[in-house]
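To start, the structure itself, in structure tokens.
The values are calculated or read from the model by the stated rules, or taken from the named source; none is laboratory data. What you are looking at is a predicted structure, and each value in this text was computed from that prediction instead of being measured. Because the Cβ atoms are built from the backbone with ideal geometry, glycine has one as well, and the counts that use them run over all protein chains shown.
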Amino acid sequence: MNKKVLVLGAAGLIAPNITAYLDPHYDLTLVDIKPHPHGRPIGRVDVTSYEQVREAARGMDAIMNYTVNRPDPVLSFKVNTLGAWHVLKAAAELGIKKILHSGPQTVRPGYEYDFDVDDPPPIVGSGYYGITKYLGREICQVYARAYQIQTISFVFNGLESNPTLPVAGDFPTFTVTWEDLAHACRLALEVESVPNYFQEFNLHSYLGHQKYLLDKARRLLGFKPQREWTAFHRRPT
């Protein structure tokens with residue numbers, strides 16, 4: 001029997017582009033506060049309401065939280081910070097032991113001129129959006145360790161379709177393709193455990209710059225880009 005997975009933010013910027021890869025492997029329940037962009041059936045759940053999150057999570061084996069708000073100074077805190085708390089609180093109450101979370105990368109501000117960077121401490125900065133996501137991350141980590149909930153957080157800087165033709169310009173730093181993100185989600189949903197119940201993974205698809213490594217994701221999840229996407233950026237000489 002396929003695992004039952006609740007997808008929060010299923011009509012947002014991320015989930016609609018990866019659920020097609022996950023559909024054959026999981027019993028997905030899609031929820032959001034707006035209609036699905038591809039017309040799929042979707043339940044209405046507001047992540048800022050703990051009661052709604054808890055009721056949607058009943059009977060689930062895992063929760064994927066891809067909700068996010070950037071511009072609104074009130075909603076961004078309610079969605080990014082309190083929303084993360086509601087997800088982990090519901091998981092603790094209902095005995096759900098697998099959570100997938102996401103956020104912006106926090107490596108580049110302090111390591112832009114370095115190479116072979118693997119798993120440094122996060123550098124949050126003073127941006128309000130980044131702070132709200134970081135607070136959500138800290139809540140996830142505390143709950144994960146207190147209630148032994150296997151929680152995996154992916155951080156990246158951009159998302160894009162798989163390239164199919166030669167691409168002009170340099171390959172983008174910390175950008176992950178939809179196919180690679182979906183693959184990482186499958187690995188995270190299937191892995192039995194991660195150290196200390198919470199681990200955050202830098203995620204991207206373009207390894208040619210040799211700046212930001214994926215060694216931790218490869219070691220703990222078995223992740224690697226599904227194809228050599230940098231080949232689409234190469235020029236004949």
TODO: For residue 87, indicate whether it is of a type in the set (Val, Ile, Thr), under 15 Å from the mean Cα position of the chain (by Cα), in a helix (DSSP H, G or I) and within 25 Å of residue 6 (Cα to Cα).
DONE: yes
Open item on the list: Taking the condition of being touching an Asp or Glu at 6+ places or on another chain (Cβ under 8 Å) and either among the β-branched types (Val, Ile, Thr) or assigned to a helix (DSSP H, G or I) (or both), how many residues in the stretch 100-134 meet it?
Closed with: 0
TODO: Kindly provide the set of residues from the stretch 146-177 that are aliphatic (A, V, I, L, M) and assigned to a loop (DSSP other than H, G, I, E, B), ordered by number.
DONE: 149, 165, 167, 168
Open item on the list: So, residue 236, is that one assigned to a loop (DSSP other than H, G, I, E, B) and surrounded by 14 or more Cβ atoms within 10 Å (Cβ to Cβ) or not?
Closed with: no
Open item on the list: Quick check on the stretch 55-75: of everything there that is out of contact with any Leu (no Cβ under 7 Å at 6 or more places or on another chain) and farther than 17 Å from residue 101 by Cβ, which residue is surrounded by the most Cβ atoms within 10 Å (Cβ to Cβ)?
Closed with: 75
Open item on the list: I'm trying to understand the selection: among the residues of the stretch 77-115, which are modelled with pLDDT under 95 and within 25 Å of residue 16 (Cβ to Cβ)?
Closed with: 102, 103, 104, 105
TODO: Scan (1) under 30 Å from residue 161 (Cβ atoms); (2) free of Cβ contacts under 8 Å to residues at least 12 places away in the same chain for the single condition residue 52 breaks and write down its number.
DONE: (1)
- [ ] Show the residue pairs that are 6+ apart or on different chains and have beta-carbon atoms under 7 Å apart, the first residue being within the stretch 112-135 and of a type in the set (S, T, N, Q), the second being surrounded by fewer than 13 Cβ atoms within 10 Å (Cβ to Cβ) and modelled with pLDDT of 85 or more.
- [x] none
